[in-house]
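We did not get these values from a lab; they are worked out from the coordinates using the rules stated. Being a predicted model, the structure only gives us computed values, none of them experimental. As a convention, Cβ positions derive from the backbone with ideal geometry for all residues, glycine included, and neighbour counts pool all protein chains shown.
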Amino acid sequence: MKFVLALALAAPAVAFVGPAPAATPTAVKAVTDMEGITMPIGLFDPLGFSNGASTEALQWYREAEIKHGRVAMAAFVGFLINYQGITFPFDLTMGGDKFASLGTGNPLLAWDNVSDKGKWSILGFIGLLEVLGEAEKPHYMRGGKSGTHDLVWYFGSKYISGKSEEARLRSRTAEINNGRLAM
């Protein structure tokens, strides 16, 4: 009964939604020209998100892919480091508690042992990085380069600054593919 009621209430809202635009040849070309399309897989879009998407939407998808890939790579490395029993050698708190006090060998248990204030601090720092990245001009959806974040990823720019354009492309493609693997 609730399902039928939900359908009845949702039906009038459909009347206000315009038709989806047809896929333009430029959007299809933009998808096939993006970095990260490598052999043997080629274009990997199993859910068809790129079908009919605008250039701005494609840039947004690419930025989300890069961000999620970076987080997944960092999480994977952190998981392995904790699993091996490696911790930071300095104090975790002002009271002198060490990082080892969170536990090693079981990364999920170590996360459970982090205080609520610690978890909120981590999430707040991630939010700050997100805000700084979105404030970058020109924005990635308005002609800026997706995934650069000069404000946030300063060390990344220094890493690739001395490379040729071909080497930079290879590095960016490797980052995208490694992020896909980590996800």
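Taking amide hydrogens as modeled 1.01 Å from N in the peptide plane, which residues meet the under 5 Å criterion relative to Leu92, leaving out close sequence neighbours?
Asp97, Lys98, Phe99
Highest first, please rank the peptides 58-69, 115-126 by the mean number of other Cβ atoms sitting within 10 Å of their residues.
Order by mean packing, descending: 58-69, 115-126.
So who's got an amide H within less than 5 Å of the one on His139, skipping anything under 5 residues away but keeping other chains? H placed 1.01 Å off N, in plane.
Residues meeting the criterion, in which the H sits 1.01 Å from N, are Gly144.
Can you work out ³J(HN,Hα) from phi for every residue in the range 60-69, in order, using Karplus 6.51 cos²θ - 1.76 cosθ + 1.60 and θ = phi - 60°, giving whole Hz and x for Gly and Pro?
3J(HN,Hα) across the range 60-69, in whole Hz: 5, 4, 5, 4, 5, 5, 5, 4, 5, x.
Each residue of the range 42-50 in order: what ³J(HN,Hα) in whole Hz does its phi give by Karplus 6.51 cos²θ - 1.76 cosθ + 1.60, θ = phi - 60°, with x for Gly and Pro?
Listing the rounded values in order: x, 6, 10, 9, x, 9, x, 4, 7 Hz.
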